[in-house]
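Note sheet for the following structure.
The values are calculated or read from the model by the stated rules, or taken from the named source; none is laboratory data. Not measured: the values here are computed from a predicted model. Heads up, the Cβs are rebuilt from the backbone with ideal geometry, glycines too, and the neighbour counts pull from every protein chain shown. Ligands, DNA and RNA are excluded from the accessible area calculation, which covers all protein heavy atoms including side chains. Shrake-Rupley method; radii C 1.70, N 1.55, O 1.52, S 1.80 Å.
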Amino acid sequence: MKIVFFSAQPYDKTFFTKYNTQGFELSFIETALNEQTVALAEGAEAVCVFVNDRVNADIISKLAAFKVQIIALRCAGFNNVDLEAAKNHGLRVCRVPAYSPEAVAEHAVAMILTLNRKTHKAYNRVREQNFSLQGLLGYNLHGKTIGIVGTGNIGKAFASIMLGFGCKVVAFDLIANKGLEEMGVVYLPLMEVLKADIVSLHCPLNEQTFHIINVQTLGMMQDGAVLINTSRGGLVDTQAVINALKTGKISALGIDVYEQEEKLFFKDHSSDIIEDDTIQRLMSFPNVLITAHQAFFTDEALMQIATTTMKSIDNLLNRKEVDLKGAVLG
Ligand code: NAD
């Protein structure tokens, strides 16, 4: 049985090869899955894709024509897959529902700490023998209010950490988590949660959440609020946030995801001319921290991603009746 991996990075090869206990034939392709590359899936029973691979109806019909049976996402979010089209063509779709949610939660915390205490600036300053503290003033997180949008696996892990810092945690979700309420998290309507000192997004990207942070919702936030997005770029109207940064409405922005990341992230563009003026504008702000979709990137998470994906493919291909805990999407 053959699996073709699109958008494969060297670490994907390392981890999937190591945890290929099923003995599948693995083929790693560096390029993303799209209209031009879909033919590379011919002869495979499964394709394994990542966040920026395009898995629309057209691609799915071509995968079906090549007799591919399974689309395995090696991530949690599945906004880039047309599940209806997959169902219509009889393709099974699986994902990794929860791989070390702590990895993403801890990265969100790292972004808050960096932006607040300006460690990114201090690091460069000290290397240049500049030991001045001017401009590095931060504030205590203890006692601040943290607003969380989406308290699933990652939001829950993030809430626990922030409670440990002595923060007040308020949250918005379609379903309140009883365990979190017992720990002290207070569920409020979205517009109340947005009034927090720091707002962190942990909901999935879908029709309801697209641009959940926009001109109107930014207006509800307090002056000088901090916004963190480690979820999906499409949750944030980037131009509206740029305007909010210019006026000081937002005092700091930490993003691990970006609306137009497909063309940039996971590749070295250090010798290229970047045509995307929006990310260039974002990078020009001293109070914006951008990481290239690395929140998931820990040893533990990669091990779990590889083992869960291989197990799901094995189960689906061999029709084993094993509990896949939310991994099968259709
Ligand atoms: P999850 O499914 O466990 O939790 C999502 C939560 O969001 C659920 O509680 C759900 O009820 C809630 N939700 C859904 N719609 C909502 C809405 N309209 N408003 C408020 N809440 C809503 O997912 P998770 O594992 O916590 O992951 C969350 C997201 O994080 C994923 O969808 C993915 O996009 C992103 N993610 C990013 C990285 C990264 O490396 N940056 C890694 C993994 C996941």
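Is it the case that segment 45-55 has a residue that's outside the structural domain of Asp197 (by TED's automatic domain parsing), among the β-branched types (Val, Ile, Thr), in contact with a strand residue (DSSP E or B) (Cβ under 6 Å, 6 or more places away or on another chain) and in contact (Cβ under 8 Å) with a residue 60 or more places away in the chain?
no
Every residue in segment 223-233 that is crowded, with 21+ Cβ neighbours inside 10 Å and within 12 Å of the ligand (Cβ to nearest atom), please.
Ile228, Asn229, Thr230, Ser231, Arg232
Which one is most open to solvent (accessible area, probe 1.4 Å), of the residues in segment 87-107 that are more than 9 Å from the ligand (Cβ to nearest atom) and assigned to a helix (DSSP H, G or I)?
So the residue we want is Lys87.
Can you say whether Leu174 is within 15 Å of the ligand (Cβ to nearest atom), among the hydrophobic types (A, V, I, L, M, F, W, C), open to solvent by less than 50 Å² (accessible area, probe 1.4 Å) and part of a loop (DSSP other than H, G, I, E, B), as far as the supplied structure shows? It would help to see each step written out before you state the result.
Numbers: within 15 Å of the ligand (Cβ to nearest atom): yes; among the hydrophobic types (A, V, I, L, M, F, W, C): yes; open to solvent by less than 50 Å² (accessible area, probe 1.4 Å): no; part of a loop (DSSP other than H, G, I, E, B): yes.
Judged against the criteria, Leu174 is not a match.
If you scan segment 58-86, which residues turn out to be away from the ligand (no atom under 15 Å from the Cβ) and either in contact with a strand residue (DSSP E or B) (Cβ under 8 Å, 6 or more places away or on another chain) or in a strand (DSSP E or B) (or both)?
Residues of segment 58-86 that are away from the ligand (no atom under 15 Å from the Cβ), as a first pass: 58-72, 82, 84-86.
Hits for segment 58-86 are Ile60, Leu63, Val68, Gln69, Ile70, Ile71, Ala72, Asp82, Ala86.
For every residue, the table says whether it meets (1) surrounded by 14 or more Cβ atoms within 10 Å (Cβ to Cβ); (2) touching a helix residue (DSSP H, G or I) at 6+ places or on another chain (Cβ under 7 Å); (3) within 23 Å of Leu253 (Cβ to Cβ).
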| position | (1), (2), (3) |
| --- | --- |
| Gly147 | yes, yes, yes |
| Asn153 | yes, yes, no |
| Lys156 | yes, yes, no |
| Ala159 | yes, yes, yes |
| Met162 | yes, no, yes |
| Cys167 | yes, no, yes |
| Leu188 | yes, no, yes |
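Looking at Ala122, Ala86, Ala110, Ala72 in this structure, which one is under 29 Å from Met303 (Cα atoms) and in the same structural domain as Thr209 (by TED's automatic domain parsing)? Before you say what the answer is, go through the steps one by one.
On the way: Ala122 fails: under 29 Å from Met303 (Cα atoms); Ala86 fails: in the same structural domain as Thr209 (by TED's automatic domain parsing); Ala72 fails: in the same structural domain as Thr209 (by TED's automatic domain parsing).
On inspection, the qualifying residue turns out to be Ala110.
Of (1) at pLDDT below 95; (2) more than 16 Å from the ligand (Cβ to nearest atom); (3) surrounded by 19 or more Cβ atoms within 10 Å (Cβ to Cβ), Val241 satisfies all except one. Which?
(1)
Name the residue, out of Gly147, Gly155, Gly166, Gly135, that is assigned to a strand (DSSP E or B) and at pLDDT 95 or above.
Numbers: Gly155 fails: assigned to a strand (DSSP E or B); Gly166 fails: assigned to a strand (DSSP E or B); Gly135 fails: assigned to a strand (DSSP E or B).
After ruling out the rest, the residue left standing is Gly147.
With the requirement that a residue be basic (Lys, Arg) and without any contact (Cβ under 8 Å) to a residue 12 or more places away in the chain, what does segment 88-133 give you?
From segment 88-133, those basic (Lys, Arg) are 92, 95, 117-118, 121, 125, 127; that's our starting set.
Those that are basic (Lys, Arg) and without any contact (Cβ under 8 Å) to a residue 12 or more places away in the chain: Arg125, Arg127.
For the structure I just gave you, tell me whether Val38 is more than 20 Å from the chain's Cα centre (by Cα) and crowded, with 19+ Cβ neighbours inside 10 Å. Give the derivation first.
On the way: more than 20 Å from the chain's Cα centre (by Cα): yes; crowded, with 19+ Cβ neighbours inside 10 Å: yes.
Answer is yes for this residue.
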